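This report refers to the structure that appears directly beneath it.
The values are calculated or read from the model by the stated rules, or taken from the named source; none is laboratory data. The structure displayed is predicted, hence computed values, not measured ones. With ideal geometry, Cβ positions are generated from the backbone for all residues, glycine too; neighbour counts draw on all protein chains shown.
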Amino acid sequence: MLLAVLIGIHVGNPLLVSRGATTRLLSDAVFVGICLYVFFIVCSGRWQRVIGLALFLPVLAGNTGLYAQLPGLQKASSVVFYSACIAFLGFAVTVIVRDLFSQTVIRGDDVIGAICGYILGAMVWGNLYALAYLFAPQAFSINPAIAMQLGDWQHRRSLFDYMSFTTLTSLGYGDITPVGQPVYTLTWLEVLFGQFYLAVVVAQMVGLKLAQAIRGRGQDSR
């Protein structure tokens, strides 16, 4: 369910924010709802719930503040929102990977959980790019056809998530590209994270699967 929801938000959000004020509000409500869903699904232990809730509340506060009409307050709310999303989603990825490495048996849910961690990791970097854009917009080269969309925080979130996924997969269409710091550093760090995540997590799952197969043969031989 979490995987379907994460895919759905990236498909549906860009469509919702283009329709009107009501659907834009619905888009933000859905995003906050998904963060809350991630909290309940991923954070199972007591200490995880405490930390997760402490990180989720600033996401909610920052998202609410984005509707303020004062430019100064809106920028401050954007900084809070992106920073809180980075911390909250990063914590969720950490919990997912930690739980995966504590498993002794690999199941279908573990594989899907690893995919969810990969998507959440891309969302972390999407918020990092959005935060960097607030302070150093000149560090990005943006196709004029989409440059106007970056003035709106909801379109900005979708576009930088898109940039993050194309960077993480080493695809890179070139319509949003880094041309200065700190984005140069963020992009190579994201590529490094993507390669490391795939190599280590896939190796862990393959190792567990092989161990399961060996134990299964041992039991059959008895």
For segment 114-166, give me each residue that is over 21 Å from ARG24 (Cα atoms) and of a type in the set (Phe, Trp, Tyr). TYR118, TRP125, TYR129, TYR133, PHE135, PHE140, PHE165
Hey, does segment 28-39 have a residue that's at pLDDT 85 or above, touching a Gly at 6+ places or on another chain (Cβ under 8 Å), assigned to a helix (DSSP H, G or I) and more than 18 Å from ASP161 (Cα to Cα)? yes
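Only residues that are touching a residue at least 12 places away in the same chain (Cβ under 8 Å) and either aromatic (Phe, Trp, Tyr) or surrounded by fewer than 16 Cβ atoms within 10 Å (Cβ to Cβ) (or both): list them for segment 94-110, please. Full working, then the answer.
Of all residues in segment 94-110, those touching a residue at least 12 places away in the same chain (Cβ under 8 Å) come to 95-97, 99-101, 103-106, 110.
Result: PHE101, GLN103, THR104, VAL105.
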Single unsatisfied condition, MET148 versus (1) touching a strand residue (DSSP E or B) at 6+ places or on another chain (Cβ under 6 Å); (2) farther than 21 Å from ILE9 by Cα: (1)
Answer yes or no: is there a residue in segment 165-175 that is assigned to a helix (DSSP H, G or I) and more than 20 Å from LEU2 (Cβ to Cβ). yes
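Given the options ALA132, ALA145, ALA122, ALA211, name the one that is part of a helix (DSSP H, G or I) and closer than 26 Å to ILE41 by Cα.
Working: ALA132 fails: closer than 26 Å to ILE41 by Cα; ALA145 fails: closer than 26 Å to ILE41 by Cα; ALA211 fails: closer than 26 Å to ILE41 by Cα.
The match here is ALA122.
Residue-by-condition table, conditions (1) of a type in the set (A, V, I, L, M, F, W, C); (2) under 22 Å from PHE101 (Cα atoms):
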site: ILE112; (1), (2): yes, yes
site: TYR129; (1), (2): no, no
site: GLN149; (1), (2): no, no
site: GLY174; (1), (2): no, no
site: VAL183; (1), (2): yes, no
site: TRP188; (1), (2): yes, no
site: PHE196; (1), (2): yes, yes
site: ILE214; (1), (2): yes, yes
Name the residue that is farthest from GLN204 (Cα to Cα), counting only residues in segment 114-137 that are of a type outside the set (A, V, I, L, M) and touching a residue at least 60 places away in the same chain (Cβ under 8 Å). TRP125
Selection from segment 117-175 of residues that are of a type in the set (Val, Ile, Thr) and surrounded by fewer than 18 Cβ atoms within 10 Å (Cβ to Cβ): ILE146, THR166, THR169
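For segment 145-153, indicate whether the set of residues that are over 19 Å from VAL38 (Cα atoms), modelled with pLDDT under 90 and of a type in the set (D, E, K, R) is non-empty. Break it down stepwise before answering.
In the first step, residues of segment 145-153 are kept if they are over 19 Å from VAL38 (Cα atoms); the result is 145-153.
Checking which are modelled with pLDDT under 90 leaves us with 145-153.
Right, trim to of a type in the set (D, E, K, R) and you get 152.
Scanning segment 145-153 turns up at least one residue that is over 19 Å from VAL38 (Cα atoms), modelled with pLDDT under 90 and of a type in the set (D, E, K, R).
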Any chance you could count how many residues in segment 128-152 are under 16 Å from the mean Cα position of the chain (by Cα) and aromatic (Phe, Trp, Tyr)? 1
